[in-house]
1. What's the total number of residues in region 271-285 that are in contact with a strand residue (DSSP E or B) (Cβ under 9 Å, 6 or more places away or on another chain) and surrounded by 15 or more Cβ atoms within 10 Å (Cβ to Cβ)?
2. For region 279-287, indicate whether the set of residues that are under 24 Å from residue 220 (Cβ atoms), assigned to a helix (DSSP H, G or I) and free of Cβ contacts under 8 Å to residues at least 40 places away in the same chain is non-empty.
3. Of 334, 325, which residue is in a helix (DSSP H, G or I), in the same structural domain as residue 233 (by TED's automatic domain parsing) and surrounded by fewer than 12 Cβ atoms within 10 Å (Cβ to Cβ)?
4. Would region 258-266 turn up any residue that is at pLDDT below 95, within 29 Å of the chain's Cα centre (by Cα) and more than 23 Å from residue 234 (Cα to Cα)?
5. Out of all the residues in region 301-311, which are over 21 Å from residue 230 (Cβ atoms) and either over 16 Å from the mean Cα position of the chain (by Cα) or surrounded by 14 or more Cβ atoms within 10 Å (Cβ to Cβ) (or both)?
6. If a residue counts only when it is touching a helix residue (DSSP H, G or I) at 6+ places or on another chain (Cβ under 7 Å) and surrounded by fewer than 14 Cβ atoms within 10 Å (Cβ to Cβ), which helices (runs of 4 or more DSSP H) contained entirely in region 88-173 have at least 3 such residues?
7. Would you be able to say whether some residue in region 42-59 is part of a helix (DSSP H, G or I), modelled with pLDDT under 90, surrounded by 16 or more Cβ atoms within 10 Å (Cβ to Cβ) and in contact with a helix residue (DSSP H, G or I) (Cβ under 8 Å, 6 or more places away or on another chain)?
8. Being assigned to a loop (DSSP other than H, G, I, E, B) and touching a strand residue (DSSP E or B) at 6+ places or on another chain (Cβ under 9 Å) is the filter; apply it to region 290-315 and report the residue that is farthest from residue 346 (Cα to Cα).
C-alpha cells in the first residue's frame, strides 16, 4: 500500500479550516479568511482528518450471463430503461433462487461502457413504407438523378433553384407536452402540472418555397379543411402566381412544381392547371408517396412551430397567425438555399438505401 507524503491543495485548506476552528474562530470568519464556501468550512470543521473518504467498496463483478441478459433487455429496445431492466433482473426466478440482487447503478455503469449504451437517442417516427412506396421512391430518385437535378454542375444548380416545393402543416398554440422528454427541475410538485386546453388552438397553413424565397403563406379560416375545392380556389393560385415572380423562379423554362399526393391535390382540374403553367410537375404519379424526407420545405414547419414558444407567447388566434406570418416572411435566405441544395444528398441517400428512408 502506497503512503501519501504530500497533501493536496484541498487537503491543506481543510487542515487550515480545522486549525482555525480549534483556535476558536467562527465558521463564517474561517470561510472569509480562507476564501472558501461557508458550507465547505462547516463540513470540514467537524472532521477528524483532512482526507476525503472515497467509497472503497469494490464494484460488483457481473457474470457473463448477467451481461447477456442486460444486453438483451436494453440494446435496441424501444422504451427500455435502466430502472426497468434492474427490476426485471431482481424479480427473475434465477436471481430469487440464489438470493441475488443487482443495483441500478451497477446496470447503468455496464450500459454506459458499451458503444450502444453511451447515448440515449430520441425516437423519430417516420411513415411505414410499403413495398410499393419503396419501388416508387427508388424510381423517382433515379429519374430525378437522370434529369440532372442532382448534378453539381451549374446546370444542376440552376434546375434546383427553380423548384417550387409546397406543403401544408398544422401549427399548434398549446401542444400537449411530451411526458418522456419534457422535464422541470423543482421541489414544488404543483409545478409539474401544466394546464392544457382540451381542444388547443390550432391553425393549418400552406405555403411554398424555392432557394430564393417563399410564397405567400395561406392560413385556413376556422373550421376550414383543405379539400379539393379549397386547394384549387385558394391555395393553388398562390403557387401559380409564383412563376411570374422572377425573385422566386428566375427561369420559367426550368420551373418545376412539387406537391405530394394528398387527396385535395389529386383532382383533375388541379393537375391540369399545374401542367399548363409549369414546364415540369412532380405531382400524383411522379412524386412518390410517404416521402416527406424528399421535400425540402418540411424543416420550415418546425421553425414556425418553434416561433410560437418565443416570448411573448401568443394568446389568441389572431396573435398566433401574426406570429407565424411574421416568422415565415423573415426566414433566413441562407437557410432556404441550404435546404434546397440538400436535395441531391436526399436523393443519393435514398438510392444507396434502395428506396428506403433517409436521415432527413
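1. Kept after step one, since they are in contact with a strand residue (DSSP E or B) (Cβ under 9 Å, 6 or more places away or on another chain), are these residues of region 271-285: 271, 274-275, 277-283.
Then keep just the ones that are surrounded by 15 or more Cβ atoms within 10 Å (Cβ to Cβ); that gives 271, 274, 277-278, 280-283.
Matching residues across region 271-285 total 8.
2. No, every residue in region 279-287 fails to be under 24 Å from residue 220 (Cβ atoms), assigned to a helix (DSSP H, G or I) and free of Cβ contacts under 8 Å to residues at least 40 places away in the same chain.
3. Working: 325 fails: surrounded by fewer than 12 Cβ atoms within 10 Å (Cβ to Cβ).
After ruling out the rest, the residue left standing is 334.
4. No, region 258-266 has no match at all.
5. Applying the first criterion (over 21 Å from residue 230 (Cβ atoms)) to region 301-311 yields 302-303, 305-311.
Result: 305, 307, 308, 310, 311.
6. none
7. Looking for residues that are part of a helix (DSSP H, G or I), modelled with pLDDT under 90, surrounded by 16 or more Cβ atoms within 10 Å (Cβ to Cβ) and in contact with a helix residue (DSSP H, G or I) (Cβ under 8 Å, 6 or more places away or on another chain), one finds at least one in region 42-59, hence yes.
8. 308
The values are calculated or read from the model by the stated rules, or taken from the named source; none is laboratory data. The structure displayed is predicted, hence computed values, not measured ones. Backbone-built Cβ (ideal geometry, glycine too); neighbour counts: all protein chains shown.
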